[in-house]
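Peer 1: Quick one: the structure is below, and I'll ask about it shortly.
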Amino acid sequence: MQLFDGARVYTTEVGGRELSIETGVLAAQAGGAVTVRYGDTVLFATATMSKEVRPGINFFPMTVEFEERLYAGGRIPGNYPRREGRPSDQSILLARLVDRPLRPLFPKGFRNEVQIIISTLSSDGENLFDPLVIIAASAALSISDIPWGGPIAASSIGYVDGELVVNPTASQMANSTLDLCAAGTADNILMVEAGAHELPEDMVLDALKLAYESMQPVVQLIQQMQTELGKAKYSDYQVFLPGEATKQRVSDMMKERVHSLLAGGPSKQETNEGLSAIRQDISESLAGAVEDEEMSVEDLSDSMDAVVKEAVRKRILEQSVRPDGRKPTEIRPISSQVGRLPRTHGSGLFMRGETHVLSIATLGTLGDVQRLDTLQPEVEKRYMHHYNFPPFSTGEAYPMRGPKRREIGHGALAERALVPVIPEDFPYTLRVVSEVVSSNGSTSMGSVCGSTLALMDAGVPILAPVSGIAMGLIQDQETGAYVVLSDIQGMEDALGDMDFKVAGTAHGITALQMDLKIKGLDFEILRQALSQARDGRMHIMEKMLEPLAEPRKELSPYAPRILSVQIDPEQIGKVIGPGGKTVRAIQDKYKVKVDIEEDGTVYIAGSDGFLAEQALEEVRNMTEEVEVGKIYTGTVVRVEPYGAFVNILPGQDGMVHISQLADYRVDKVEDVANLGDELTVMVIDVDPGGKVRLSRQAVLEGWTAEEARERDRGGSRGGGGNRGDRGGSRGGGDRNGRSPRRERSRSDRRDRY
């Protein structure tokens, strides 16, 4: 590739492939801009900061956008305007993946607006975006003028054929039982996102160590870029932190009252009401100081927040007592219920302390799969998990404008936790919606537990139940002393240093997500957190399964019934018919939905099992090939002096010669077979031209097809195959040739759920 003047390219090797970072060409007016290439996947990232602080902001306004351009994969968007619309869930999840490890490294109290935009320029479909988006954002920030404590890097780890693999390709991931992405600095891990197929904690920890080691060459590469061409960091910014004098004054007034409140182990509502009353009293007492401009309203508010945070953390570190009175490893009271909703396919209510999640499972046909129009390797989803967090769940009131990024992220985490236990051969599309009806922390893990119950209540034969727990951390950054907390509640999440969510079965981990508010985490703390999380998960699972220990044996009576049959792929067009006419006729006639896979598997779904069976029979008959020696029951569609033509399969007729119509001499075809009559016949021959020879006599006499052919040769030359009247029917036929319909062969593969 030809380089422009001023372009600088830095390269290193990761996972056996070259990774390059280029800067100096694109987006010269951005604070920092880089192009990252790995294989033929190319990402472009910019980082820009506003020099002014918007008034009224009491948080750090950083936004991360992942712009997924389908031209990167040589595709045109499938929607009507033929241009990219709102971000896909995958784009939002990648943006969150970038945001989470970057945020802890900005200065405390920093409130200048920072915007990071990552765009796809080229996608080879093999090198995945997950680690690259973090690397690109880190490089852009590092060489920019934005004050930030990086650089960081990221690596993905898979587990393929018994080996941990660094930055596995999409092809390798198709056979991987681990999908882990971790980000970190030169010193520590900062963020983890993982899905696994019931892998043990030790293996996950080994994968984290490998991820940390493999990202170090990239950290060093970005450090080199920052040293050689990075801009001077902007230093003329304001830090919004409470002044020491104000903080001390507020602490003297409220510290004892806060400790007294927390000593009672209050509920969330009692805590909020108690703290609100204390804050109100302090605000009124210091109103004069605010008016005299000895302190600002923001300074006063931040000081009160700091006193509460310090009091909570000190009690945990020094006394091992949490805000609600629990010990560090203690789990909140748990109760659960299934079958709460009468007409849904499955429902589960999971309650852990003041966190209550109602999950509802719906079973659909394969035609209900979600088709994805993205650059990711996944093209459709058969299991979907949606998570809703309405304002009433926290006692608030604000406008609802659809799912926020946090809700999409929590739903994706719960989905990832449950996908490994959904049987691959279960022929349904599944959607679970988790409604958070009350929240005091760990709602995403509550939705994992509630969804497990909902699926089992619906009769979905999951491989194993999944439970989840959120772990926390309080660490003194000066002394290094720490306490790992099991089943954290809202206050511990807000005032703690870690949010570490772990979900899995009794056999191992299925999903993991870790975010830090500090600048890294020691591996020994990670080991303890994983071990403590397993103990907590097993306790939660035992309580969770009390109302329903395993999936129901039968599907919900309101769920569709799905039957399947395997046909020759070359026969698919026959079932579909011209313009879909045939398949639509089947759907209308039997009130079913028909889905046809490329491999020839036909799924028929209907609420009426009998009609679904009839539709299946019609499809099978339509695609069945005539088999010599097989017995069919068909309708007489034509009568000639020499024999009768019988329709044995849709579109397939055969002829019964007059000599083969009965086990006695037949003088006239109409004596045995008339138009519309049903005859049970055997196929005795199919000639190269496709003409089918049938015999009713073979059925009555119990002959083989070969024996019938020998008789037919004699009979067709002069009727020698007819016999005298034997005085009755054989083989279930009567003298008029009408036989009860014989049950068809069940040799076709058919799965019933």
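Peer 1: Cβ-Cβ under 6 Å, sequence separation 6+ or interchain: first residue in the stretch 555-576 and polar (S, T, N, Q), partner surrounded by fewer than 17 Cβ atoms within 10 Å (Cβ to Cβ). Which pairs?
Peer 2: As it stands, the answer is Ser564/Asp751; Gln566/Gly600; Gln566/Arg749, since those pairs meet every condition given.
Peer 1: Which one is nearest to the chain's Cα centre (by Cα) among residues in the stretch 482-526 that are basic (Lys, Arg) and surrounded by fewer than 22 Cβ atoms within 10 Å (Cβ to Cβ)?
Peer 2: Only one residue tops the list, namely Lys517.
Peer 1: Continuing with this model, one more query. Please count how many residues of the stretch 372-406 are surrounded by 16 or more Cβ atoms within 10 Å (Cβ to Cβ), without any contact (Cβ under 8 Å) to a residue 24 or more places away in the chain and either within 14 Å of the chain's Cα centre (by Cα) or outside the structural domain of Ser451 (by TED's automatic domain parsing) (or both).
Peer 2: Residues meeting the conditions: 1.
Peer 1: Considering only residues of the stretch 89-110 that are outside any helix (DSSP H, G or I) and surrounded by 18 or more Cβ atoms within 10 Å (Cβ to Cβ), which is farthest from the chain's Cα centre (by Cα)?
Peer 2: The extreme case among them is Phe110.
Peer 1: I've got another one for you. I'd like to check something: does the stretch 449-460 contain any residue that is modelled with pLDDT of 95 or more, in a loop (DSSP other than H, G, I, E, B), buried (at least 24 other Cβ atoms within 10 Å of the Cβ) and on the phi < 0 side of the Ramachandran plot?
Peer 2: Within the stretch 449-460, one or more residues are modelled with pLDDT of 95 or more, in a loop (DSSP other than H, G, I, E, B), buried (at least 24 other Cβ atoms within 10 Å of the Cβ) and on the phi < 0 side of the Ramachandran plot.
Peer 1: Return the only residue of Ser434, Ser438 being hydroxyl-bearing (Ser, Thr, Tyr) and under 14 Å from the mean Cα position of the chain (by Cα).
Peer 2: The unique qualifying residue is Ser434.
Peer 1: Okay, moving on. Condition check: among the aromatic types (Phe, Trp, Tyr), under 25 Å from Val160 (Cβ atoms) and either touching a strand residue (DSSP E or B) at 6+ places or on another chain (Cβ under 9 Å) or at pLDDT below 95 (or both). Does Tyr234 satisfy that?
Peer 2: no
Peer 1: OK, next. Could you figure out which of (1) outside the structural domain of Gly195 (by TED's automatic domain parsing); (2) modelled with pLDDT of 95 or more isn't true of Leu93?
Peer 2: It is condition (1) that Leu93 fails.
Peer 1: Let me ask you something else. Quick one: what pairs do we get from the stretch 79-93, first residue on the phi > 0 side of the Ramachandran plot, second in a loop (DSSP other than H, G, I, E, B), C-beta under 9 Å, 6+ apart or different chains?
Peer 2: Short answer, once both residue conditions are applied: Arg82/Ile76.
Peer 1: Write out, first by first residue and then by second, each pair whose Cβ atoms fall under 8 Å of each other, whose residues are 6+ apart or on separate chains, and whose first residue, in the stretch 614-630, is under 14 Å from Val583 (Cβ atoms) while the second is of a type in the set (A, V, I, L, M, F, W, C) and assigned to a helix (DSSP H, G or I).
Peer 2: Sorted first by the residue in the stretch 614-630, then by its partner, the pairs are Ala615/Ile586; Glu618/Ile586; Val619/Val575; Val619/Ile586; Met622/Val575; Thr623/Val575.
Peer 1: Sticking with this structure for a sec: Restricting to the stretch 342-362, count the residues that are of a type in the set (A, V, I, L, M) and more than 18 Å from Ser393 (Cβ to Cβ).
Peer 2: Number of matching residues: 1.
Peer 1: Next up: On the basis of being at negative phi, out of contact with any Lys or Arg (no Cβ under 9 Å at 6 or more places or on another chain), crowded, with 19+ Cβ neighbours inside 10 Å and not in a strand (DSSP E or B), does Ala529 make the cut?
Peer 2: yes
Peer 1: Taking the residues in the stretch 152-185 that are surrounded by fewer than 16 Cβ atoms within 10 Å (Cβ to Cβ) and small (Gly, Ala, Ser) as candidates, determine which candidate is nearest to the chain's Cα centre (by Cα).
Peer 2: Ala174
Peer 1: So which residues in the stretch 466-481 are surrounded by 19 or more Cβ atoms within 10 Å (Cβ to Cβ) and either at pLDDT below 95 or not aliphatic (A, V, I, L, M) (or both)?
Peer 2: Ser467, Gly468, Gly472, Gln475
Peer 1: Here are the criteria: (1) touching a strand residue (DSSP E or B) at 6+ places or on another chain (Cβ under 6 Å); (2) modelled with pLDDT of 95 or more. Tell me which single one Gly109 does not satisfy.
Peer 2: (2)
Peer 1: Tell me which residues, restricted to the stretch 226-266, are in a loop (DSSP other than H, G, I, E, B), touching a Lys or Arg at 6+ places or on another chain (Cβ under 9 Å) and on the phi < 0 side of the Ramachandran plot.
Peer 2: Tyr234, Asp236, Tyr237, Gln238, Phe240, Leu241, listed by residue number.
Peer 1: So, one more: Please list, ordered by residue number, the strands (runs of 3 or more DSSP E) wholly in the stretch 154-202 having 3 or more residues that are in contact with a Ser or Thr (Cβ under 9 Å, 6 or more places away or on another chain).
Peer 2: 178-184, 189-199
Peer 1: Checking the conditions here, which among Asn175, Asn167 is free of Cβ contacts under 8 Å to residues at least 24 places away in the same chain, outside the structural domain of Leu526 (by TED's automatic domain parsing) and closer than 18 Å to Gly15 by Cβ?
Peer 2: Matching residue, one of Asn175, Asn167: Asn175.
Peer 1: Taking only the stretch 604-629 into account, find how many residues are among the β-branched types (Val, Ile, Thr) and part of a loop (DSSP other than H, G, I, E, B).
Peer 2: So the answer is 2.
The values are calculated or read from the model by the stated rules, or taken from the named source; none is laboratory data. Please read all numbers here as calculations on a predicted model, not as lab measurements. In this analysis, Cβ positions are derived from the backbone assuming ideal geometry, glycine residues included, and neighbour counts consider all displayed protein chains.
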